[in-house]
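Structure first, commentary second.
Please treat every number below as a calculation from the coordinates, not as lab data. In this text the structure is predicted, and so the values were computed from the model without any measurement. Virtual Cβ from ideal backbone geometry, glycine too; neighbours counted across all protein chains shown.
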Amino acid sequence: LDGRFAGQLPLSLNLDAGGAAHRLQVGAGGQVFTAQIGGLSENTWLFVMVPVKGMGNKLGSVAVQSTPSGAEVRQDGALLGKTPLVFLGSAGMRWRLAISKDGRSVDQDVQTTEAGTAIVVPLAAEGG
């Protein structure tokens with residue numbers, strides 16, 4: 001991340017808002033994937049999944065936001081981080097995310113789209 005080793009995948013990081021865009025390089029299976037993450041209006045979690053073989057060489061992303069922010073985001077029971085969160089993995093992959101805070105929760109099917117685009121997944125308010 002930004003020219004520094006950030007850790008082994010899968011990986012969760014907390015990115016600071018403001019400033020220059022963050023540059024991410026992911027090496028997996030002899031391939032190198034790159035993405036730019038910028039325009040953050042608040043501190044944001046980043047979860048990076050190892051790209052899946054056979055899915056091509058493009059990273060995809062889903063931006064998960066909630067009202068209120070700070071909701072836990074889980075995939076298959078594993079905590080990915082808290083909202084706002086950017087989920088990076090192979091472009092075109094489908095995921096089922098569980099988003100919850102203060103007793104309110106929603107399960108949401110999402111699909112990663114080519115890096116640079118995002119899907120906003122709001123946490124449903126109670127009764128809505």
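Using the Cβ-Cβ distance between Asp76 and Leu13 with R0 set to 22 Å, the FRET efficiency from 1/(1 + (r/R0)^6) comes to roughly 0.65.
The modelled label-to-label distance between Gln31 and Gln111, using points 7 Å beyond Cα along the C-beta direction, is 1.8 nm. Based on the Cβ-Cβ distance of Ala21 and Thr67, what FRET efficiency does E = 1/(1 + (r/R0)^6) give at R0 = 25 Å, to the nearest 0.05? With R0 = 25 Å, the Cβ-Cβ based efficiency is 0.50.
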